[in-house]
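Each value in this text was obtained by applying a stated rule to the coordinates, not by laboratory testing. Since the structure is predicted, the reported quantities are computational estimates derived from the model, not experimental observations. Cβ: placed from backbone, ideal geometry, glycine included. Neighbour counts: every protein chain shown.
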Amino acid sequence: MDELLKLLKHNALETPKNLARMLNTTEEAVKAKIAGYEGAGIIRGYQAVLNTDLMDVELVRAVIEIKVTPEREGGFNRIAERVSKFPEVESVYLMSGTYDLMAVVAGRNLKDVAFFVSEKLATIQGIISTGTHFMLKTYKNNGVLMEAEKTDERLKVSP
Amino acid sequence: MSVSKSRPKPKRNPGDFIAKHLLDIPRSGIRDFFDIVSSRKDIISLGIGEPDFVTPWHIREQAIFALDRGATTYTSNRGLLELRQAISAYVGEAFGVTYDPESEILITVGVSEALDLAIRAIIEPGDEVIYHEPCFVSYAPEIRFAHGVPVAVSTTRDNGFRLTRAMLEDKVSPRTKAILLNFPTNPTGATLTQADVEDISAFAIEHDLIVITDEIYSELTYEGGRPSIAAVPGMKERTIFLHGFSKGWAMTGFRLGYACSPPELSEAMMKIHQYIMMCAPIVSQKAAIEALKTRTDTEDMRLSYQERRNFLCAALNEMGIPCHVPKGAFYVFPYIGDYGLTSKEFALRLLDEENVACVPGSAFGECGEGFLRCCYATDIEEIKQATERMARFVKRLKS
Ligand SMILES: Cc1ncc(COP(=O)(O)O)c(C=O)c1O
C-alpha cells in the first residue's frame, strides 16, 4: 500500500505539511495525491474511530449471517445492494463458507435490531435465512485497540 | 615456631579496594544526563536509545509458549542449535557471508556481551584498537577493561560521519591490533558505501589487523544498502561480526545477540562466555527463533522509522538547526554549535526551558561537541510536540 494511504489510515487528521515532511516531498504534492485518491474513489471518506462502549448512548450491534438464492445474471449483487441501502446496516460483505452475506447492523437496543432483521431483512425476496449474533464488547476496531496496551516503560535516557 | 608480629596494616576504606584501572574510567555522560532527566516530570524524551515498538506479538507469544512448555533450563554454551542455524541462514541471506552454525556462531547476552567477548579474546595489555567517534559509549571503556588502548578517529559532518581509509592511516601504529566499526552508527546514523567497506578492508589486510564490526542497526538502513565488511573477499578470516535482536526486532529486554567469526576466534570467545555467562536465556533464544521466521517485522518498523526521520530532519532544518539526513539507525545528529553554547549547556537549557530531553553530543566522544543526539524511535505526536518546543527555544536563542 502507498505510504501516504497508510499514514492517512493511521491518522486521517494529519496535516499535508506534516505528511510532506514524513514522506520527504512537498505539501502541494501531498495535496494533489490525496485529491487523486479521492477522485478515484479509493479514499471513500474520513471517520473517527469511536469506542462506543465508553459513550453514554444506547447502541447495540449485531453480525447477521444471511443465506441468499443467487439470481440469474445478478448473482448476489442485487440483494447485497438492497441490504446495504438500509441506514441501520453499517457494513455488508460477500462471504465464502456456510452463508453468503454478512451484515453488521446497529440499533438502539436488542429489540430494535431483532425487529429490523425479521421485518426488513428476512423478508427480502431471495433471502433464505438469517442468523443474528449480538456483539457484547469491542476490543479492537479498524486496527485500533479500544484500550491502549502500551505505557512507555523505557528509561528516559539510555545509550 | 614463633609467629612474626607484623605491623598492623592501615585499614582500607571500601573505595580503596577498587581496581585502579577502573577508577580511571569516567562515568558515562549518558548516566549523568539520565540522573538529571529522571528527576523531571512531563518531559518529552528524544534521548532514549531503544525502539518505541513493543516486540512484535508473535515473538512475545512464542516466548510465552516456551515458558508454558517449561523452557526454564540452561542451553548449550553456544546457544540452541536451531537458533544458530536460523542465524546462519539469515546472515547468509542478508549480508552475503556464511557462518557454520556448529563452530562459528556464538549466542550471547546482547551485543553488549558479544562486544566484551570479542575484545577480551583478542586484546593483550597495550594493544591498540582504532574506533571511530562519535560512538556508542561502551567502546572505549570496554577496550580499557581489557587493558587495551582505545585510539579514537574523529569523524565529521561534512562527509556524513563516514570513516575513510585516510583517517585510519593517520592513527595506525605498530601496536594496532584491531579496528572496531559500527555502521549504521549510534549516535550519528552514518552508513558506509560498498567502496568505503572495500577500502577499509584493504587497509585491514595491509596492516594485518582484525576487524570487529557491530552491525546491530543494520536492519534500520533506509538508503544505499547495507554492505558488511565481513562479506568482502579475504575479510571473513579477520572479522568478528556482531549482531543482535535489540534494535531491528525491538527486543532490547530479551538481551540477545550473537558473534560470528572463524572457528578459532569463536572458540576463544566461547572460553570466556562459558565461564562468565554459561549461556543466554533460553526463553529469549526461543523467541529469537520465532523472530527469524519472518522478514516483515523489521521491514514494517523500518518504514515507520524512516517517516519519523524525514519529519524530524525537515523540522530541525526548518527551525535553523542544520541536520544531515542520516541513512541508518534511529538517531539524527544535528549541529547546534552556532548558538554559542556547548552541547551540554544547550541540552540542559532545552530541558529546563522546554522540557525536551536530547543527549549532548559530547557524551559520544570529544568530536561530538557541538551536536545533539535526537532519537526518533518516539511516537510521531511526541516528535511533533518536541520540534515545536525546540523551534520556540532556538527562536529565543537567536533573538
Ligand atoms: C552501537 C550499539 N552497539 C551495541 C548496543 C547494545 O545492544 P544490546 O542490547 O544487544 O546489548 C547498542 C545499544 O544501544 C548500540 O547502540
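A few remarks follow.
- Taken along the Cα-to-beta-carbon direction at a fixed 7 Å, the label points for residue A:72 and residue A:135 span 3.9 nm.
- Cα centroid of the stretch A:15-78 to Cα centroid of the stretch B:353-386, whole Å: 37 Å
- Once exposed loop chymotrypsin sites (Phe, Trp or Tyr not before Pro) are cut out (DSSP; at most 11 other Cβ, 10 Å), longest piece of chain A: A:47-138
- Loop GluC sites (Glu not before Pro), the stretch A:1-89, which have at most 14 other Cβ atoms in a 10 Å radius of their Cβ (DSSP): A:58, A:73
- Whether the stretch A:16-72 is rounded, prolate or oblate, judged on the alpha carbon gyration tensor where a/c under 1.5 counts as rounded: oblate
- Charges were assigned to the Cβ only: +1 to each Lys and Arg, -1 to each Asp and Glu. The resulting dipole of the protein assembly as shown about its Cα centre is roughly 1240 debye.
- Dipole magnitude of chain B about its Cα centre (Cβ charges: Lys, Arg +1; Asp, Glu -1), debye to nearest 20: 1420 debye
- Pairwise FRET efficiency - residue B:223 versus residue A:99, Cβ, R0 = 41 Å, nearest 0.05: 0.25
- Virtual spin-label span in nm between residue B:154 and residue B:39, 7 Å along Cα→Cβ: 3.2 nm
- Modelled FRET efficiency - R0 51 Å, residue B:103 with residue A:108, Cβ distances, 0.05 increments: 0.15
- Exceeding the 20 Å Cα-Cα cut-off - candidates A:6/A:156; A:67/A:120; B:247/B:327; A:31/A:140; A:17/B:384; A:9/A:31: A:6/A:156; A:31/A:140
- Taking all pairs of distinct alpha-carbon atoms in the stretch B:43-84, Kirkwood radius in angstrom: 13.4 Å
- Equivalent ellipsoid dimensions for chain B as semi-axes, Å, which come from the Cα gyration tensor, largest first: 33, 28, 24
- Exercise: per-residue mean of other protein chain Cβ atoms within 10 Å, B:21-32: 1
- Cβ-based net charge around residue B:168, under 15 Å, with every Lys or Arg adding one and every Asp or Glu removing one: -3
- Between the alpha-carbon centres of the stretch B:228-285 and the stretch B:98-159 there is a gap of 12 Å.
- Under-5 Å amide H pairs with residue B:211, H placed in peptide plane, nonlocal only: B:179, B:239, B:240
- The reciprocal of the average 1/r between distinct C-alpha atoms defines the Kirkwood hydrodynamic radius, which for the stretch B:57-291 equals 17.9 Å.
- Here's the picture: charge each Lys and Arg Cβ at +1 and each Asp and Glu Cβ at -1 in chain B, and of B:89, B:351, B:225 the one pushed furthest to the positive end of that dipole is B:351.
- Modelled FRET efficiency - R0 56 Å, residue B:302 with residue B:6, Cβ distances, 0.05 increments: 0.25
- Once divided by 2.2 N^0.38 Å, the Cα radius of gyration of chain A becomes 1.38.
- Ratio of the Cα radius of gyration of the stretch A:52-136 to 2.2 N^0.38 Å, where N counts its residues: 1.10
- Integer Hz, Karplus 6.51/-1.76/1.60 couplings in order for the stretch A:121-135, x for Gly and Pro: 7, 4, 8, 5, 5, x, 7, 8, 7, 10, x, 10, 10, 7, 8
- MRE, 222 nm, helices only [DSSP H, n ≥ 4, -39500 (n - 2.57), over the protein assembly as shown, to nearest 500]: -11000 deg cm²/dmol
- Counting Cβ atoms of other protein chains within 10 Å of each Cβ in B:312-325 and taking the mean gives 1.
- Three-way shape call for the stretch B:97-234 based on the alpha-carbon gyration tensor, with the a/c threshold at 1.5: rounded
- Debye, to nearest 20: dipole size of the stretch B:142-259, +1 on Lys, Arg Cβ, -1 on Asp, Glu Cβ: 380 debye
- Pairwise inverse Cα distances across the protein assembly as shown, averaged and inverted, put the Kirkwood hydrodynamic radius at 27.3 Å.
- Within the listed set B:230, B:347, B:195, the residue fluctuating most in the Gaussian network model of chain B (springs between alpha-carbon atoms under 10 angstrom) is B:195.
- Sorted on the mean count of surrounding Cβ atoms within 10 Å across their residues, most packed first, peptides B:153-163, B:134-144, B:241-251, B:10-20 read B:241-251, B:134-144, B:153-163, B:10-20.
- Taken over the stretch B:234-352, the percentage of Cα pairs per 5 Å bin, counting from 0 up to the bin with the maximum distance, is 2, 9, 12, 13, 13, 13, 12, 10, 10, 5, 1.
- Most mobile listed residue (A:25, A:69, A:132) in chain A, GNM with C-alpha springs under 10 Å: A:25
- Largest-first principal axis extents of the Cα set of the stretch B:12-66 (Å): 53, 35, 16
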